[in-house]
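A.B. asks: Structure in structure tokens, see below.
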Amino acid sequence: MPQWDLANSDCVLVMGSNMAENHPIAFRFVLQAKARGATIIHADPRFTRTSAMADIYAPIRAGTDVAFLGGIIRHVLEHDLWFREWAIPYTNIATILGEDYRDAEDGDGLFSGWQEESRKYSPESWQYEGVTMPSALAESYVDTEGFCEATKRLHEGPPPRDPTLQHPRCVYQVMKRHFARYTPEMVERVTGCPREVFLKVCEALARNSGRERTTAICYAVGWNHHSTGVQIIRSGAILQALLGNVGRPGGGMLALRGHTSIQGSTDIPTLYDMLPGYLPQPHAFKPHSTLESYLDAETSPTGWWRNFPKYAVSLLRAWYGEAAAPENGWGFDWVPRIVGDHSQLPLTVAMRNRIIRGLFVMGQNPVVGSSNSLLVQRGLADLDWMVVRDFAETDTASFWRDGHLVRSGGMRPEDIRTEVFLMPAALSGEKAGSFTNTHRLLQWHDKVVPPPGDSRSEHWFVYHLGRRLKDLYAASEREEDRAIRALTWEYPVDDEGEPDAEAILQEINGYTWPDRTLLPDFEALKEDGSTACGCWIYSGVFPKPGENRSRARRPDGPEGPGTHLGWGFAWPSNRRTLNNRASADPEGRPWSERKRLVWWDEAKQEWASPDQIDFPKDKRPDYEPDWSRKPAGMDAISGRQPFIMIPDGVAGLFVPSGLKDGPLPAHYEPVESPVANPLYGQSISPAAKRWEHADNPVHGTGDPRWPHVLTTFRLTEHHSGGTPTRLVPTTAELQPEGFAEIPTELARALGIRSTDWVVISTPRGAIETRALVTDRLRPWRLDGRMVHQIALPWHFGWVGYATGDVANVLTAVVGDPNTGMHENKALTCALRPGRLRRAGGAGVAREAR
Amino acid sequence: MSRQPPRRGLAERAAEFAREWSVPRQLRGADHRREAAEAAISRTLRPRLEEADRVGTSICPYCAVGCAQLIYARDGRPIHVEGDPRSPVNQGTLCPKGAATFGLMTSPMRLDRCLHRVPGATAWREVTLDWAMDRIAHLVRRTRDETFVKDLPDGTPLNHTLGIASMGGATLDNEENYLIKKLFSGGLGMVFVENQARV
């Protein structure tokens, strides 16, 4: 949902986010909603400025979000408070599951399909009755023989449904049973949130959903950074789908992302597992050995993803140009295959294991920002070479001189053999280009001034590095060098050698091949090699020469509809609210005048809206697929199914495939937790990613040596790894030094006062910092004992005007099964007053275990 | 950019007070909200932005909210950064980080030369951009050639190197991310390509 649409919400739940402090400008819209009478709720382990502005503050223990949200889902189902007319046609709540499914209720926390040897789930038993579902995103083939063949059944008819919801295996009945024990009493026991506060939250959400009203959820990495992160977000999405708060004005889920173009770098992924536009990176152990088998395995039989081959072939044409031909699968054979998880966490372990020997770091500061900083720093010392590109010396760039290994690890710079380059980088304002911000909005920034001295953009650096490498490989006849030789790399440059960013955006937008006429949008893409497109979802951003729509700066006036279609460009096709067909009822009428966004115009025979329609514009609401003809793609999606990217056109409350830790969210304790799971015998997520390494010890549940809960957070005045704020005088002056928030009761017990030095330790390492004793953190009574929670801002390091010890020295390389994201929002630690003993030569400072 | 008034003696300041004090002017009939309220110093002040010879649109480099900014520059150097009032996202406002963008661009800690650290060295040395680029290209080729794996023993194609990794992208432009993914993955066969999306 667009951020400004929050002003249209009747209720906003902020959870997993301290929005007032970390996304203050977006929080203005929450406050505008509040001024119009909306109810604002904040659920969080810490009482923050967001809590202070909220009507209801619900305190919860870090890492118990699924229990809290699962409790709301149960309440809504149990008391029939969900939006029936919306959810029955628009979700899979009526769909009937196969007979093999066993819920976590029957497996004491394990769903059916768990394979103990490989520590993985097989999703075969999670399928609908008689129908195997591909996943919409990159996960459809799940190590299961015949899986993609089985999905072809989708051509024969829709999955079986029981709209009366009486069938014992329909999703409604399965969910009711799955969440039955998530009672207010259980919520209080697990999360610590008083039941009367919890019930107030349930009532506010239910009261502000339905035909006339909508509720929005805002979340940030306070949801992601758990070993159950994806299932926390799923819980929020299930709730919104039950309440009908998707695709409607003031309704939805707003992901408050952390970096300016983190959305853009996900869409055009500098990520290991995807190609641009959410196409899967080919995998050596999936049927991806040829383009033909890759397209066969990854193309969904029904829904929009039926167009997958057009996007894949057009990308290959953009990359390999003239060298791409049907004989070499349009160059598919040259695309590197992944063999497992190559994401951030295993990347740091692979450096330490000397698998990685050279490293580029561009605008990131992993010594401060990555989990288990001592492991990271040791890994950097194991590299042959590293190139750091940033606007100043970062903690990562100077690890060999000022890092923990040298300060307290007994190493000398002379012992560190890494060759390091530190290259000055241009900032926005000193280079032209586009960012994609939260809510998928592409916004261009101009080059206003030249970057200082030898500072260059990454356009410049990557372009000229590529040019040099193409020269070095020009004479090679080796098959393994064909890709670099074939890669299209002709971009116009200016007098300084800076490539034209608009020319790159035009390649991303797509053009015809070989005459390079810009394409109006992704509907023009073909799979026969006659179009080239660098990222299909961005197609339309540059439809004509001179028309860079990310540079559009025409906001709606005060009398305008407020969709601001003339400000920037939101992918796909400038649609501001995704799935907005759901803002009309199955017949195509707005659910209410108050929440009007999209409607069927019978006279014009098309959908109408002040937004762009996220649905085929002329598909009648009463269109039904003719199953006797085995329809494919969008032909198999009826006129009343708003979720066109999902193969069966409806929102998945229950997810048959695509998730690695279960088809429904279940509460698991964090991998490091002070208590065992009150809900299931399976205490932690069975599928959580673990990397065994001597430098990465992780302790078991309830270890008395690490009695306190530790959570991490961000400050208004600092940004992520800290480089762009610790080195800036104003922000450094506002937050000059690292600290830890310590609850008053614990501080009193240990004799700690504010500004005292304290030492915090985990099995990975120990840091010293100043205490900030506060009532913002409350103690929890869990299973008869008091548990305290300590909170650490994680921006600090040794570089800059504002310094402090590195919080990530304490955190572990442990991850969510689906995303590989770390669990830095919930772990456990020890605390004592005093300072670290840093004895030279005694190894990196560690507290006695 | 602010203009400090020169230091003056007591007599001069007393004279100025008598001259500038608002009350006599009000008694003479001047409007206390207009002429009578005007101080001598304000007559000499000019808007800072008047000195700009260029203004361009930008987007805040910090979080993902996407606040629009206006960058004012003179002689090729930034002199001011402020929120763009036209933006439906921020309507001219900026948070403490966004308001620090000018300080980011002009930080005294900013680097403008390429630095190189020889293995085992205890300090940086300055190198030219050209030398650094050539050296990096050479290292990339050497490491890639030493670690590239074309196929698995059973013939399954890999076409990759695990020997070189890349981190970063979330602070960079879409076009920069595109070139990184295209060259590193599509051209060189690197698979350890990651950004802050999981951090």
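A.B. asks: Mind listing the phi-derived Karplus ³J(HN,Hα) values for the stretch B:75-87, rounded to whole Hz, using 6.51, -1.76 and 1.60 with θ = phi - 60°, and x for any glycine or proline?
C.D. replies: Once θ is set to phi - 60°, the couplings for the stretch B:75-87 become 6, x, 10, x, 10, 6, 10, 9, x, 7, x, 6, 5 Hz.
A.B. asks: How large is ³J(HN,Hα), in whole Hz, for each residue of the stretch A:710-723 in order, when computed from phi with the Karplus curve 6.51 cos²θ - 1.76 cosθ + 1.60 and θ = phi - 60°, using x for Gly and Pro?
C.D. replies: So the J values, rounded to whole Hz, are 10, 10, 10, 8, 10, 10, 4, 8, 10, 10, 6, x, x, 3.
A.B. asks: When the Cα centres of the stretch A:66-126 and the stretch A:568-621 are compared, how far apart do they sit, in Å?
C.D. replies: After rounding, the separation between the Cα centres reads 30 Å.
A.B. asks: Restricting attention to the alpha-carbon atoms of chain A, what are Rg (one decimal) and Dmax (integer), both in Å?
C.D. replies: Answer for chain A, Rg first and Dmax second: 26.7, 82 Å.
A.B. asks: Once Rh for the stretch B:127-198 is found with the Kirkwood sum over Cα pairs, what is the Stokes-Einstein diffusion coefficient at 20 °C and 1.002 mPa s, in µm²/s?
C.D. replies: 158 µm²/s
A.B. asks: While we're here: How large is ³J(HN,Hα), in whole Hz, for each residue of the stretch B:105-115 in order, when computed from phi with the Karplus curve 6.51 cos²θ - 1.76 cosθ + 1.60 and θ = phi - 60°, using x for Gly and Pro?
C.D. replies: 5, 10, 4, x, 8, 5, 9, 10, 10, 7, 10
A.B. asks: Can you tell me the FRET efficiency between A:Glu292 and A:Arg629 if r is taken as the Cβ-Cβ distance and R0 is 30 Å, rounded to the nearest 0.05?
C.D. replies: With a Förster radius of 30 Å, E is 0.75.
A.B. asks: Do the sum for the protein assembly as shown: with -39,500 (n - 2.57) for every DSSP H run of n ≥ 4, divided by all residues, what is the mean residue ellipticity at 222 nm, to the nearest 500 deg cm²/dmol?
C.D. replies: -6500 deg cm²/dmol
A.B. asks: Can you give the local net charge around A:Ala475? Use residues other than it whose beta-carbon is closer than 12 angstrom to its beta-carbon, Lys and Arg +1, Asp and Glu -1.
C.D. replies: Overall, the nearby charge balance is 0.
A.B. asks: Over 31 Å between Cα atoms, which of A:Lys34/A:Lys689; A:Lys526/A:Lys689; A:Lys176/A:Lys604; A:Lys630/B:Lys150; A:Lys526/A:Lys617; A:Lys470/A:Lys526 qualify?
C.D. replies: Correct reply: A:Lys34/A:Lys689; A:Lys526/A:Lys689; A:Lys176/A:Lys604; A:Lys630/B:Lys150.
A.B. asks: Evaluate 2.2 N^0.38 Å with N set to the residue count of the stretch A:231-348, then give the Cα radius of gyration divided by it.
C.D. replies: Computed over Cα atoms of the stretch A:231-348, the ratio equals 1.30.
A.B. asks: Mind giving me the FRET efficiency for B:Ala123 and B:Asp53? R0 is 41 Å, r the Cβ-Cβ distance, nearest 0.05 is fine.
C.D. replies: Step by step, r from the Cβ atoms, then E = 0.55.
A.B. asks: Moving to a separate point now. Hey, any idea what Rg/Rh is for the stretch A:689-833, computing Rh the Kirkwood way over Cα pairs?
C.D. replies: On the Cα set of the stretch A:689-833, Rg over Rh gives 0.98.
A.B. asks: Using a Förster radius of 51 Å, what is the FRET efficiency between A:Glu733 and B:Asp145 based on their Cβ-Cβ separation? Nearest 0.05, please.
C.D. replies: It comes to 0.55.
A.B. asks: With axes computed from alpha carbons, what is the tilt in degrees of helix B:129-147 against the longest principal axis of chain B, rounded to the nearest 10 within 0 to 90?
C.D. replies: Helix B:129-147 sits at roughly 30 degrees to that axis.
A.B. asks: Measure off 7 Å from each Cα along the Cα-to-Cβ vector at A:Glu479 and A:Asp775, then give the distance between these two points in nanometres to one decimal.
C.D. replies: Here the modelled spin labels are 7.2 nm apart.
A.B. asks: In nm, to one decimal, how far is the B:Asp130 label point from the A:Ser592 one, both placed 7 Å along Cα→Cβ?
C.D. replies: 7.0 nm
A.B. asks: In percent, how large is the relative contact order of chain B, given Cα pairs closer than 8 Å and 6 or more residues apart?
C.D. replies: 9 percent
A.B. asks: How many angstrom lie between the Cα centre of the stretch A:452-479 and the Cα centre of the stretch B:57-91?
C.D. replies: The distance from the Cα centre of the stretch A:452-479 to that of the stretch B:57-91 comes to 31 Å.
A.B. asks: DSSP H helices in chain A with Cα extent of 15 Å or more along the helix axis and mean Kyte-Doolittle hydropathy at least -0.5?
C.D. replies: Taking the DSSP H segments of chain A (at least 15 Å long, mean hydropathy at least -0.5), we get A:24-35, A:65-78, A:195-207, A:229-242, A:308-320.
A.B. asks: Let me check against my output: what whole-number percent is the relative contact order of chain A, with C-alpha pairs under 8 Å and at least 6 apart?
C.D. replies: Worked out over chain A, it gives 16 percent.
A.B. asks: Another one. List residues of the stretch A:1-40, by number, whose backbone nitrogen lies under 13 Å from a label position 7 Å along Cα→C-beta of A:Ala52.
C.D. replies: So the set is A:20-22.
Every number here is computed from the coordinates shown, using simple stated rules; none is lab data. This one's a predicted model, so the numbers in the text were calculated from it and none came from an experiment. Cβ: placed from backbone, ideal geometry, glycine included. Neighbour counts: every protein chain shown.
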